[in-house]
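Reading through the structure tokens given below for one structure.
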There are 2 protein chains.
Amino acid sequence: MEFKESKEKFIQSWGVLGSSWGINRTMAQIHALLLISPEILSTEEIMSELQISRGNANMNIRALMDWGIVTKHFKTGERKDFFFADKDIWEIARKITKERSKREIEPVIRILNELKGVEGESAEIKQFKQTVGDLESFTSKLNSVVDKFVKSDEHWFYKNLLKIVK
Amino acid sequence: MEFKESKEKFIQSWGVLGSSWGINRTMAQIHALLLISPEILSTEEIMSELQISRGNANMNIRALMDWGIVTKHFKTGERKDFFFADKDIWEIARKITKERSKREIEPVIRILNELKGVEGESAEIKQFKQTVGDLESFTSKLNSVVDKFVKSDEHWFYKNLLKIVK
DNA sequence: CTGAACTTTCAGTAATTATTGAAAGTTAAT
DNA sequence: ATTAACTTTCAATAATTACTGAAAGTTCAG
């Protein structure tokens with residue numbers, strides 16, 4: 001397969017994966033492009049490579065910087081901003097996991113805890129309490145595992161998680 | 001807090017969580033409703049409880065059945081279909097994980113493996129190979145952990161995963 | 001200061017995704 | 001074979017989400 005074709009396919013696939021995980025297609029594509037790029041890229045380059053507008057590029061690059069997986073760089077003598085994606089997959093996974101836990105899991109745990117307090121003895125209320133309790137317990141445990149992962153390094157993962165997989 | 005209010009809040013929250021994970025809001029809400037319902041519910045009841053149309057209810061209930069987390073039941077003497085959600089959170093998590101792995105992770109691994117074969121020695125191509133290789137390696141490892149989880153029971157999780165969390 | 005080079009914002013628009021509701025399809029009792 | 005009870009489908013429409021591009025904002029060299 002031609003390199004250009006492979007590159008295209010990689011960027012496309014990453015975009016599709018992103019959108020099935022609630023990350024917008026363009027954001028995932030910009031990340032993919034930066035991931036395979038050995039050099040820092042300017043906004044212009046990203047725009048022309050992905051055929052997107054300046055506004056779109058700008059907003060999605062900013063989002064990637066908010067996630068902490070893309071950084072801004074400068075070239076001496078140039079006024080433009082350039083962007084670079086961290087290439088360490090473990091580090092990327094940790095950062096994404098951390099953000100999603102903070103944005104999505106933690107608020108849910110808070111609500112579930114709040115809802116556990118409902119009063120009553122009817123079958124309906126009993127089932128509600130049971131379900132909410134079970135979900136809270138599950139989600140909290142999940143979050144501890146996630147948290148451990150976030151604070152770990154690749155070595156830890158090998159030593160522990162991969163061991164139990166065998 | 002009133003039960004009715006709690007119920008409402010639970011269904012709403014579950015809907016929001018669902019949509020940030022690429023599952024549509026209504027599907028998540030129907031699931032939430034069934035999860036806290038001790039009895040099987042008819043399409044009518046789901047429609048009126050969530051204020052949605054028949055078509056919408058039907059399509060999303062079917063999707064939940066495809067995921068294997070909702071089942072169809074009958075009441076003697078009644079012709080209508082009734083629906084019930086499995087209440088075992090571990091079982092639900094396993095089924096969802098299994099489906100998402102199959103639908104999303106496995107196809108990506110296939111594409112990455114395909115892309116690993118690109119030929120060339122330029123810096124650009126070297127970075128491409130490196131990134132694609134790292135992603136493939138990460139994703140495959142992730143998938144083994146996921147697979148182990150899918151095949152596990154709650155007891156396994158306690159014994160192993162929770163142990164390393166401490 | 002000034003203005004050129006660049007970045008950000010955001011109202012308008014396009015694209016995508018979800019929902020409705022009525023018609024077509026199915027099933028089973030009579 | 002008919003029909004009432006029920007389910008499924010799907011074209012039309014609504015709701016949501018993403019994108020564009022031009023205008024406003026910022027920065028900094030001269």
Going through (1) of a type in the set (V, I, T); (2) open to solvent by 30 Å² or more (accessible area, probe 1.4 Å); (3) in the same structural domain as B:E8 (by TED's automatic domain parsing) one by one, B:I69 fails only at (2)
Cβ pairs under 7 Å, 6+ apart or interchain, first in the stretch B:64-79 and within 18 Å of B:L33 (Cα to Cα) and without any contact (Cβ under 8 Å) to a residue 60 or more places away in the chain, second within 14 Å of DNA strand C (Cβ to nearest atom) and of a type in the set (A, V, I, L, M, F, W, C), ordered by first then second residue, are B:L64/B:M27; B:L64/B:I30; B:V70/B:I61; B:V70/B:L64
Scanning the stretch A:76-90 for residues that are loosely packed, with under 15 Cβ neighbours inside 10 Å and either in contact with an Asp or Glu (Cβ under 9 Å, 6 or more places away or on another chain) or among the small types (G, A, S) (or both) gives A:G77, A:K80, A:D88
Filtering the stretch A:141-155 down to residues that are out of contact with any helix residue (DSSP H, G or I) (no Cβ under 6 Å at 6 or more places or on another chain) and surrounded by fewer than 15 Cβ atoms within 10 Å (Cβ to Cβ) yields A:K151, A:D153, A:H155
Within the stretch B:134-164, residues over 23 Å from A:A85 (Cβ atoms), part of a helix (DSSP H, G or I) and facing chain A (nearest Cβ under 7 Å) come out as B:S144, B:V145, B:K148, B:L161, B:L162, B:I164
Counted residues in the stretch A:5-56 being within 13 Å of DNA strand C (Cβ to nearest atom) and basic (K, R) come to 2
So, first residue over 15 Å from B:E136 (Cα atoms) in the stretch A:1-19, second residue among the polar types (S, T, N, Q), Cβ within less than 9 Å, six or more apart or across chains; the pairs are A:F3/B:S122; A:Q12/A:Q29; A:G15/A:N24; A:G15/A:T26; A:G15/A:Q29; A:G18/A:N24; A:G18/A:T26; A:G18/A:Q29
Matching residues in the stretch A:22-58 (at the interface with another protein chain (Cβ under 7 Å from one of its Cβ atoms) and under 18 Å from B:E136 (Cβ atoms)) number 2
Those residues of the stretch A:104-133 which are assigned to a helix (DSSP H, G or I), open to solvent by 40 Å² or more (accessible area, probe 1.4 Å) and in contact with a Phe, Trp or Tyr (Cβ under 9 Å, 6 or more places away or on another chain) amount to A:I111, A:E124
> Do we find that B:A57 is buried (at least 21 other Cβ atoms within 10 Å of the Cβ), within 8 Å of DNA strand D (Cβ to nearest atom) and touching a residue at least 12 places away in the same chain (Cβ under 8 Å) in this structure?
Replying inline: yes
All-but-one check, A:K7 against (1) within 22 Å of A:M59 (Cβ to Cβ); (2) buried (at least 17 other Cβ atoms within 10 Å of the Cβ); (3) out of contact with any strand residue (DSSP E or B) (no Cβ under 8 Å at 6 or more places or on another chain), failing number (1)
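The values are calculated or read from the model by the stated rules, or taken from the named source; none is laboratory data. Since the structure is predicted, the reported quantities are computational estimates derived from the model, not experimental observations. Heads up, the Cβs are rebuilt from the backbone with ideal geometry, glycines too, and the neighbour counts pull from every protein chain shown. All accessible areas refer to the heavy atoms of the entire protein, side chains included, with ligands and DNA or RNA removed. Shrake-Rupley method; radii C 1.70, N 1.55, O 1.52, S 1.80 Å.
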